[in-house]
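Below is one structure, written out as structure tokens, with a few remarks after it.
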Amino acid sequence: MTTIEFFGGIGVIGSSKIMVSTPTARVLLDMGLDIPSDQDLFRAPVRERPGFELRDRLAVGYAPAMPGIYDPAQLDPGATLAWSDDRLTAVFLSHAHLDHDGALGFLRPDIPVYAHPDTVLLEAAIFASGTSGPGSQPELTPMTGTVAVGDITVEAVPVDHDIPGACGFLVTTPDGTLAYTGDINFHRDGAKRSRGFVDRVAGVDMLVTETTMLSFDMPADAPALEPRSEAEILDLSAEAMTRAPGLALLSMYVRDVDRARRLIAHATAHGRVLVWPGQSAALLHHFGVEGVTTWDRSRPQTPGHAQAVVRAEAAVPGTIRTVSLDAVRACPSSYLIQPDVSDVPSLLDLPLTAPHRPPGTFVPYIHAQGEPLGPFMANWHTYLEWLDRLDITFVSIGSTGHATGEALHKMVTDIHPGVVVPIHGFRPEALQVDVPRLLPEYGASYTLKGQRIR
Ligand SMILES: [Zn+2]
């Protein structure tokens, strides 16, 4: 009999791990880093111990006890979790966000990992940039169409999110079908992919869906706000850049490569060069983005940045352009700078203080889903204090990568599954639909009809 287990994404935004098993095969959908529901024990100033990341996470309950999944070399000698499972096993990655891919480096090296070709390329770029999750470098196999794992088949079905290569999956087992949205929205760039997903998986036995946007209370009298379009984001960034007589700062998530590409071109159209920290520039260059610019050696960056640039230029033809600190100080109005959030005092290199900046000059921090993401991040308040001290104005122009509550309800109604399983949100119970609903328990086993086995 086919069983389904949920090893993450229960009551938290992210860390989804869905295990579909038959007596002869196992398919694991996503392998994200666990996101603790309380304060993260490993938040700053605590640092993970290199080489002990998996052991330490298992010990405090930040990684699920899944037998035969983890790399024995990263476990304690003789650990029972290191015993192999005789069944064919494969992992399928929906997209390259940490809450979905962050634990891939803990996998047994003999377990194959499949993903959309764009996700495979992006993962290579992330690794070259030195910004991947802990553990070893996972080897990914590009998939289009369907992959068979014993008596289970898995089809990757592209969806719209805010990262290249995002997919949901349609899993067919001897007992029926399961669809998993990954992370999905219905407002970005026309949402053709997401609508294709709805058509492809209509009528599945079990639908596992993310519910990120149901996590947040909306005032009852507030009009239902449509998330900003990419065009509106560009307009707002243009407004801020035009208003700034000198430097403008940007914060966007570099793995959103399409948005990065657009903002590079948009900055150019407004007479500015977008300058990235070395690791971000390396990621974009490695992924094939043209016209990427970073700092030359005149700016003291942490060593990881220079090393990432060297790796990316060795791997991919072409060079990453560079600018000097002097050039930026001489003409601040020609630049849009993405600061390195992990090196906050490096803001002081920039022409943000006297004698480089006349007092009272408007300098925007154009925030489009970059770090720090929001008040839930440990570095949020400190960062805002720095912006405040430097008289930098926070300008929020972002747009969520996740479906609105309304769009989620419509999606479930249109797919009309036998049972819907809301995960990946603080309030999965807020998904109120006209089909049977399962609010699963962490690690428990269910049938495809949503009945609990143990
Ligand atoms: Zn996610």
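Checked against the criterion of being surrounded by fewer than 18 Cβ atoms within 10 Å (Cβ to Cβ) and outside the structural domain of Gly130 (by TED's automatic domain parsing), the candidates Val310, Val292 yield just one match: Val310. For His416, the conditions (1) farther than 30 Å from Met252 by Cβ; (2) not assigned by TED's automatic domain parsing to the domain that holds Asp160 are fulfilled apart from (2).
For region 129-157, which residues satisfy the criterion of being within 30 Å of Glu313 (Cα to Cα) and either among the aliphatic types (A, V, I, L, M) or not in a loop (DSSP other than H, G, I, E, B) (or both)? Please lay out each step first, then the result.
Residues of region 129-157 that are within 30 Å of Glu313 (Cα to Cα), as a first pass: 129-144.
If the condition is that a residue be within 30 Å of Glu313 (Cα to Cα) and either among the aliphatic types (A, V, I, L, M) or not in a loop (DSSP other than H, G, I, E, B) (or both), then Ser129, Leu140, Thr141, Pro142, Met143 are the ones that fit.
One residue stands out in region 188-198 among those that are at pLDDT 95 or above and more than 16 Å from the ligand (Cβ to nearest atom): the one that is surrounded by the fewest Cβ atoms within 10 Å (Cβ to Cβ), namely Lys192. Highlighted here would be strands (runs of 3 or more DSSP E) found entirely within region 1-103 that include at least 3 residues which are within 16 Å of the ligand (Cβ to nearest atom) and in contact with a strand residue (DSSP E or B) (Cβ under 9 Å, 6 or more places away or on another chain), but there are none.
Considering each residue of region 313-320 in turn, at least one proves to be modelled with pLDDT of 95 or more and part of a loop (DSSP other than H, G, I, E, B). Picking from residues in region 333-364 that are over 26 Å from Pro303 (Cβ atoms) and crowded, with 20+ Cβ neighbours inside 10 Å, the one that is nearest to the chain's Cα centre (by Cα) is Pro364.
With outside any strand (DSSP E or B), closer than 16 Å to Leu249 by Cβ and at pLDDT below 95 as the only criterion, which of Val310, Val341, Val328 stands out? Please lay out each step first, then the result.
Working: Val310 fails: closer than 16 Å to Leu249 by Cβ; Val328 fails: at pLDDT below 95.
The match here is Val341.
If you go through region 165-187 and keep only what is within 15 Å of the ligand (Cβ to nearest atom) and assigned to a loop (DSSP other than H, G, I, E, B), you end up with Gly165, Ala166, Thr181, Gly182, Asp183, Ile184, Asn185.
Among the residues of region 163-175, count how many are out of contact with any strand residue (DSSP E or B) (no Cβ under 6 Å at 6 or more places or on another chain) and within 17 Å of Thr209 (Cβ to Cβ).
Pass one, region 163-175, residues out of contact with any strand residue (DSSP E or B) (no Cβ under 6 Å at 6 or more places or on another chain): 163-166, 174-175.
Okay, now just the ones that are also within 17 Å of Thr209 (Cβ to Cβ), so 166.
Of the residues in region 163-175, 1 are out of contact with any strand residue (DSSP E or B) (no Cβ under 6 Å at 6 or more places or on another chain) and within 17 Å of Thr209 (Cβ to Cβ).
Scanning region 250-269 for residues that are surrounded by 16 or more Cβ atoms within 10 Å (Cβ to Cβ) and over 17 Å from the mean Cα position of the chain (by Cα) yields Leu250, Arg261, Arg262, Leu263, Ile264, His266, Ala267. The test for being of a type in the set (Val, Ile, Thr) and surrounded by fewer than 23 Cβ atoms within 10 Å (Cβ to Cβ) holds for Thr141.
The values are calculated or read from the model by the stated rules, or taken from the named source; none is laboratory data. Keep in mind the model is a prediction, meaning the values are calculated, not measured. No Cβ is skipped: glycine too gets one built from the backbone with ideal geometry, and neighbour counts run over all protein chains shown.
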